[in-house]
Amino acid sequence: MKVKRRILLALLGLLVGWGGASIAQAAGVTFQITDNPGSWFECTASTSTSFGCVHQALHDDSTTGRSLAVIKRGESITFTSTGPSTANAHTIHTVVSLIYPTPAHKNVPKGFTQMPFDTDVEVGVTSAPIVPDELGLHVFFCDIHPYMFATVIVVDPAIPTETLSPVGLVPLELGATVDLHKIVAETLPGLPTASDLALRLVHTFFIITNPANWQQYPVTGTAPWKPAYPGVMVTAHVKGGGAKTVNLNGLLHTYFGEGGLQLDGSINTTYKQLPAPSMANQTPGVGQVWVDTQFEMMHEKSKPGTATAVDATNFTVVRKVGLPSINMNNPHNMWTDKDQKVIYQTQWFDTKLAVFNRASGNFVRNIEVGAAPAHVMTRTNNDQVHVSQNGDNNVRELDSLAAGNGFLQDIPMQTNPDESAHPHAHWMSADGSMMVTPNADTENSTLYDFPSQSIKSLTPVGHFPIATGMMPDSSKYYVANFLDSSISVITISKGIATPKTTINLLEGYAVPGQYDVLFPTVAPIGGLPIQTPVSPDGKYAIVANTLAAKILVIDTGTDKVVASLLCDAGCHGVQFGAKKGGGYYAYVSSKFSNRLIVVDPRNGSDATIVGSVLLTATGTTATDGTVSAYPGMGGQGVLPIPLVYNGWVQNLPTNWKAQLTDKQLNPFHQ
Ligand SMILES: [Cu+2]
């Protein structure tokens with residue numbers, strides 16, 4: 001049983017007297033936990049006798065971002081959630097080992113920290129110093145917000161710093177093999193550092209943590225995508241133990257075919273080309289598509305994030321809502337009321353739910369809803385609002401928010417009050433009687449029954465379940481297991497959940513001999529899946545995958561992957577909206593690109609991308625602020641208006657119903 005971590009942390013703190021300034025600090029580096037895109041874990045202070053914070057040591061973060069450090073063995077890594085800047089964290093985060101050198105032995109020496117490492121860091125708290133025992137590559141992430149990354153390379157203290165690359169000629173040693181927190185540690189401990197999967201993860205780190213590396217689609221024509229990596233010599237290891245010493249910048253450019261410096265030192269000037277987004281000659285959609293451009297910054301506020309409205313009838317950006325009056329912080333996911341009048345907007349790096357008027361963009365209210373609110377949905381039978389507390393154990397139930405804060409109750413997702421479920425993206429049944437959650441921390445899925453106010457099932461799923469999607473007749477639901485790269489399929493009968501099957505998104509790739517080598521014969525078809533909604537007619541589920549940047553279509557009749565489409569870096573959100581004259585579009589957002597991809601799912605196996613929409617403001621975009629950085633970036637939650645899912649579509653006002661076909665109004669017939 002997993003104990004609720006914040007309680008454990010408090011107890012340990014009492015026992016050993018942790019408490020920020022009172023700690024006698026070993027030399028090392030400190031990462032400030034921030035709400036800033038890219039540098040969520042920002043290396044801000046160093047007393048290391050190695051490079052310490054690399055962007056400070058080398059006076060340049062253009063290729064490294066601000067989340068990379070090099071320390072000597074015996075030095076410490078500290079994470080702090082306190083500091084003078086208004087950019088600093090407003091909610092709980094965690095620091096968890098994602099990648100760490102395969103431990104040579106079980107008992108680390110006194111004064112060193114056992115890997116894998118896992119702690120909570122509440123606002124105002126500084127973590128106990130982490131002192132890695134093993135040399136090589138360490139990547140930490142937040143397991144509430146799983147793209148907050150910090151990388152620390154631990155080097156041999158016997159090597160003089162001035163001889164180390166990039167200042168000197170001695171390569172940085174990444175270590176022979178790494179273990180990956182829960183991804184493959186159980187099936188394949190000891191992943192070679194020069195392997196396909198390790199390189200994909202290192203590549204992901206440098207794309208995510210350096211905003212200059214995000215995919216910036218042009219308004220017209222084409223533009224090269226030129227990500228930059230540190231030009232540092234590293235030693236990585238292949239399967240069987242052979243070492244390769246390479247320039248990291250050249251290796252990543254060559255391996256991922258992006259152009260730039262190649263392994264042999266030549267320059268490939270043919271960078272990947274990004275075409276201007278276009279929806280030319282496509283059937284219009286109905287209504288609007290709202291996208292959380294969670295990383296877009298405005299001059300009028302310090303916290304990142306806007307909600308961007310696309311007119312689905314002509315695919316233009318008509319409004320941006322940043323809510324400077326409340327300093328809206330990292331808007332992550334949205335839903336609307338039955339009249340489609342207001343937008344409920346979670347602030348994932350905060351503790352509040354914002355409500356604003358959909359038509360005018362005007363602020364309505366800002367409600368305290370608990371730690372790291374992630375997703376929000378309504379119930380079809382009463383229009384109540386349910387917000388998942390991703391940093392805690394509950395789903396908060398709110399009244400229709402006519403007045404006040406509307407608080408009704410916090411519904412625990414674990415029966416044991418000492419357990420913390422960390423629910424992320426829940427889904428409601430069409431009749432409003434049931435809710436299912438993916439519980440990231442307890443690695444199961446709750447089926448909650450509203451009439452009896454009780455948990456009917458706690459179904460074990462894979463590692464780090466993050467999102468759910470349900471059939472329109474509530475007979476079955478899908479859970480995306482982020483770190484397992486799999487989808488759990490769970491049937492519901494008489495209100496009880498039963499596991500049916502598991503869909504492996506690394507099929508063919510995830511067998512020994514494939515992803516532990518360079519250049520495997522089978523590339524991953526998916527991996528690190530996030531949102532997975534089922535179409536309103538119940539024909540297919542569509543999954544956004546971040547590892548391979550792919551959109552996968554699952555046939556709900558066979559529960560097999562039947563189509564694969566290219567996505568962008570950080571492929572994340574998917575929701576279905578109505579297509580004019582019948583059928584649906586699936587709208588897909590990506591965190592590290594400035595466009596929305598539009599998929600026509602057709603019959604599933606012949607799904608196709610029909611175009612994409614640039615999410616940046618134009619001269620005619622209504623807005624409550626001025627975009628100052630990362631325009632159109634950070635695509636996460638997607639909300640098509642009107643709601644077209646079974647149960648919600650029948651509740652629409654007549655003016656919206658008039659725009660839908662009979663089949664769209666009754667999407668599911670048994
Ligand atoms: Cu976090």
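The values are calculated or read from the model by the stated rules, or taken from the named source; none is laboratory data. For clarity, every value in this text was computed on a predicted model and none was experimentally measured. Neighbour counts run over all protein chains shown; Cβ positions are idealised from the backbone, glycine included. All accessible areas refer to the heavy atoms of the entire protein, side chains included, with ligands and DNA or RNA removed. Shrake-Rupley method; radii C 1.70, N 1.55, O 1.52, S 1.80 Å.
The convex hull drawn around the Cα atoms of the chain, when projected onto a plane and averaged over every direction, covers 27.7 nm². Over the C-alpha trace of the range 558-670, radius of gyration and Dmax come out as 16.1, 50 angstrom. In order along the range 381-389, the Karplus-derived 3J(HN,Hα) couplings, from 6.51 cos²θ - 1.76 cosθ + 1.60 at θ = phi - 60°, round to 8, 9, 6, 5, 10, 10, 10, 7, 8 Hz, and Gly and Pro are given as x. Give the carbon-plus-sulfur fraction of the accessible surface of the chain in %, rounded to a whole number; probe 1.4 Å, heavy atoms of protein chains only. That share works out to 54 percent.
Net charge in the neighbourhood of Asn329 (other residues with Cβ under 9 Å of its Cβ; Lys, Arg +1, Asp, Glu -1) is +1.
Amide H to amide H distances under 5 Å link Ser302 with no residue, where only residues 5 or more positions off or on other chains count and H is placed in the peptide plane. In this simple spin-label model, placing a label point 7 Å from the Cα along the Cα-to-Cβ direction at both Leu518 and Ala280 gives a separation of 4.1 nm. Annotation: amide H of Thr94 within the under-5 Å range of Val121, Asp143, Ile144, His145, sequence separation 5 or more or interchain, hydrogens built in the peptide plane. Rounded to whole numbers, the Karplus 3J(HN,Hα) couplings from phi for the range 660-666 are 10, 7, 4, 5, 5, 6, 10 Hz, using 6.51 cos²θ - 1.76 cosθ + 1.60 with θ = phi - 60°, and x at Gly and Pro. Ordered from highest to lowest accessible area with the whole protein assembly present and a 1.4 Å probe, Phe349, Phe256 read as Phe256, Phe349.
For the peptides 358-366, 531-539, what is the packing order when you average, over each peptide's residues, the other Cβ atoms within 10 Å and list the highest mean first? It would help to have the intermediate numbers written out before the result.
Working: 358-366: 16.2, 531-539: 23.3.
Ranked by mean Cβ neighbours within 10 Å, highest first: 531-539, 358-366.
Applied to the range 219-226, the Karplus parametrisation 6.51 cos²θ - 1.76 cosθ + 1.60 on θ = phi - 60° returns per-residue 3J(HN,Hα) values of 5, 9, x, 10, 9, x, 9, 10 Hz, with x for Gly and Pro. Using a probe of 1.4 angstrom and keeping all protein chains present, the accessible surface of the range 263-349 works out to 33 square angstrom per residue. For the range 451-528, the solvent-accessible area with a 1.4 angstrom probe is 38 square angstrom per residue.
Based on the mean of other Cβ atoms within 10 Å per residue, sort peptides 305-311, 113-119 so the most packed one is first. Intermediate results must be reported in sequence, preceding the final value.
On the way: 305-311: 26.4, 113-119: 17.0.
So the peptides 305-311, 113-119, ranked by packing, come out 305-311, 113-119.
Relative contact order of the range 245-368, taken over Cα pairs closer than 8 Å and 6 or more residues apart, is 13 percent.
Taking the Cβ of Glu368 as the center, what net charge do the other residues with Cβ under 11 Å away carry, scoring Lys and Arg +1 and Asp and Glu -1? Before the final figure, lay out each step's value.
Details: positive: Lys352, Arg365, Arg396; negative: Asp350.
For residues surrounding Glu368, the net value is +2.
Note on the chain: with charges restricted to the Cβ of Lys and Arg (+1) and Asp and Glu (-1), its dipole about the Cα centre is near 860 debye. Here the contact order of the range 441-548, divided by its residue count and restricted to Cα pairs under 8 Å and six or more residues apart, works out to 22 percent. Gly287 sits among other residues whose Cβ lies under 14 Å from its own Cβ, and their net charge, with Lys and Arg +1 and Asp and Glu -1, is +4.
Remark: accessible surface ordering of Phe519, Phe41, Phe407 (largest first) is Phe519, Phe407, Phe41, probe radius 1.4 Å. Taking every alpha-carbon pair under 8 Å whose residues sit at least 6 apart, the chain reaches a relative contact order of 11 percent.
Go ahead and estimate [θ] at 222 nm for the chain from helices alone: -39,500 (n - 2.57) per DSSP H run with n ≥ 4, summed, over the residue count, rounded to 500. Write out the running numbers ahead of the final one.
Numbers: 6 runs with 45 residues, N = 670.
Using -39500 (n - 2.57) per qualifying helix, the result is -1500 deg cm²/dmol.
Projected onto its three principal axes, the C-alpha set of the range 86-230 covers 59, 42, 37 Å, listed from the longest axis down. From the residues Ile490, His237, Leu518, which one has its Cα farthest along the dipole of the chain in the positive direction, the dipole being from +1 and -1 charges on Cβ of Lys/Arg and Asp/Glu about the Cα centre? Result: Ile490.
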